[in-house]
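Worksheet: one structure, shown below.
The values are calculated or read from the model by the stated rules, or taken from the named source; none is laboratory data. The model shown is predicted, which means the values in this text are computed figures rather than measured ones. Every residue, glycine as well, gets a Cβ built from its backbone with ideal geometry; the counts of neighbours run over all protein chains shown. The protein model used for the area step is the full one, side chains on, heavy atoms only, and it has no ligands, DNA or RNA in it. Shrake-Rupley method; radii C 1.70, N 1.55, O 1.52, S 1.80 Å.
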Amino acid sequence: TNNLSTKPATGQFYKLTPPPLVGNNLGVLAISSPTEQCGIGNTSPVTLVVRNFGTNVQTSIPLNYSINGGFPVSQTFTSNLAQGDTASFTFTTAGNFPATTTTPYTVTGWVALPGDQFTLNDTLNRSVTKYVSPLPPVAFSGFTGANLNSTTQGWDEANGIIPVVGSGNWTSNT
């Protein structure tokens, strides 16, 4: 069967046809950076992994990315890419991930080779979620030993729990 949206009947199989072997055929295999992580900053490098599926050696390869369908960032990969070769390319313009809450982003990467004879493998999307800590950094300025909640919102002194070492009381080093 050629219909991938339905399960084949018993005894049937899927017929998968590889892309045609043509002279000019570049594709994006992966978006290897950014990755889904807590440490992603407001800006993060964007890296595409591209492959030459065609028979012609490619040079001056136009690559692009966008975030959430925004303004595309374009740059040219200038190394030689022979038939079957893959290469990683990191854009000099980092991606912008400014959210201060846990936010999903769609990173889209694509090749724009003039004369590409098979364009179904040119574009790839990757969902990246920026995880942000729910608590702000703690600044102990103004802390007296008994006013942590009033100086740093959302933080409280430990009540009734005394560590093994020390007295367990808050102290100020001012």
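Could you check how many residues of the stretch 102-154 are at pLDDT below 65 and under 16 Å from Tyr65 (Cβ atoms)? Looking only at that region, the number is 0.
Filtered by the rule that a residue be surrounded by 13 or more Cβ atoms within 10 Å (Cβ to Cβ) and among the small types (Gly, Ala, Ser), the stretch 91-116 gives Ala94, Gly95, Ala99, Gly109, Ala112. If you filter the stretch 64-90 down to residues that are touching a Gly at 6+ places or on another chain (Cβ under 9 Å) and open to solvent by less than 50 Å² (accessible area, probe 1.4 Å), you find that the one that is nearest to Ser127 (Cα to Cα) is Ile67. Only residues that are open to solvent by 40 Å² or more (accessible area, probe 1.4 Å) and either in a strand (DSSP E or B) or in contact with a Cys (Cβ under 9 Å, 6 or more places away or on another chain) (or both) were counted in the stretch 117-131, giving 6. State whether one or more residues within the stretch 49-60 are modelled with pLDDT of 75 or more, over 29 Å from the mean Cα position of the chain (by Cα) and open to solvent by less than 30 Å² (accessible area, probe 1.4 Å). Scanning the stretch 49-60 turns up no residue that is modelled with pLDDT of 75 or more, over 29 Å from the mean Cα position of the chain (by Cα) and open to solvent by less than 30 Å² (accessible area, probe 1.4 Å).
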